[in-house]
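This report concerns only the one structure given below.
The values are calculated or read from the model by the stated rules, or taken from the named source; none is laboratory data. As the structure is a computational prediction, the values presented were derived from the model and not from experiment. Cβ: placed from backbone, ideal geometry, glycine included. Neighbour counts: every protein chain shown.
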Amino acid sequence: MFKNLYQICGSRSPITANRLQEYLRKFWNDFVKADDNPFILDKKYKHTENIYLDYLDHIELPRVMKSLVRIDERSGRLNNSYYQECFLNPVSCLLLAFMLTTGRRPEEARSLTWTQFTQGGSARIDLIKTKTSKKNNKTRFNLGVDATSILNLISKDRLNNPESSFYYPIDDIRNKYIFPSKDYGRKLSNGKCKTPHVIDPAKTWASILSMSGVDRHMKLHSTRHSFATNFYRVTKDIKALADALGTTEAQALKYAKLVGETVVAGINKIKFFDDEKPVLKQVN
């Protein structure tokens, strides 16, 4: 019966079928605790999943960041006219910039509150939980200079600039969120918006990629891949990357893609010839 269900689900979505099998297998082991788990499938019978690998390389990343964060040189604040002229939501833009500079997942970044951000000698954010925090108890993450600058840029506007998209009165619940939603309380096509922070910046992400000359479609999760790949490219430190992402080293390696120069550097370290270089005969 389960194999039939698995095939039906897999005909529409192979990934969903694989997740269903894993959840049912785990449910049996955790709660039924009987032998002969009927939800175990040999790997050869499971659907093949295409692992998402795309990321912004070291040339694309600065172009995208420039499109996301635009500052008025005179005031040192966000350039509101730029976002208006380009029909961009500045809150979503800075959320995406924060994700790119920290490697945080969308669900971890979008609901951040100001009480979770600590400044000082070592700026950091404290998350309530992450996808892997039950396994490693990792919920505190240090911030780099660029990520801290993004939050400080928002902080300049949130309390004293009524024209800013980040500004809300003290008694408004959105005031406590770093990335507040303009749609909170409004009637939308699917009902009244009840979430006080940005939910889905995918539309802004697509616009930014197009503006930055990145013509291919990229999922939001590629922000995490971009952070991991570029982190590993400049440090070659997989342990530090795992700590920054809050994952195991094995998982961090899956995020960090081997870029061209890394591969070439590895090839060049191979000793193909003896120490004595071969003499090439000159032909007149």
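Annotations for the structure displayed:
- Residue 10 among the small types (Gly, Ala, Ser) and modelled with pLDDT of 90 or more: no
- If you filter the range 123-150 down to residues that are part of a helix (DSSP H, G or I) and among the aliphatic types (A, V, I, L, M), you find that the one that is surrounded by the fewest Cβ atoms within 10 Å (Cβ to Cβ) is 145.
- Contacts under 8 angstrom Cβ, first residue in the range 192-203 being assigned to a helix (DSSP H, G or I), partner surrounded by 13 or more Cβ atoms within 10 Å (Cβ to Cβ), 6 or more apart: 202/220; 203/92
- Selection of the range 204-223 for residues being in a helix (DSSP H, G or I) and either among the charged types (D, E, K, R) or over 30 Å from residue 171 (Cα atoms) (or both) yields 205, 206, 207, 208, 209, 210, 211, 222, 223.
- Residue 108 falls short on exactly one of the conditions (1) surrounded by 22 or more Cβ atoms within 10 Å (Cβ to Cβ); (2) more than 28 Å from residue 245 (Cα to Cα), and that condition is (2).
- Of the set (1) out of contact with any strand residue (DSSP E or B) (no Cβ under 7 Å at 6 or more places or on another chain); (2) part of a helix (DSSP H, G or I), all apply to residue 170 but (2).
- Of the residues making up the range 207-247, those that are exposed (fewer than 14 other Cβ atoms within 10 Å of the Cβ) and among the hydroxyl-bearing types (Ser, Thr, Tyr) are 210, 235.
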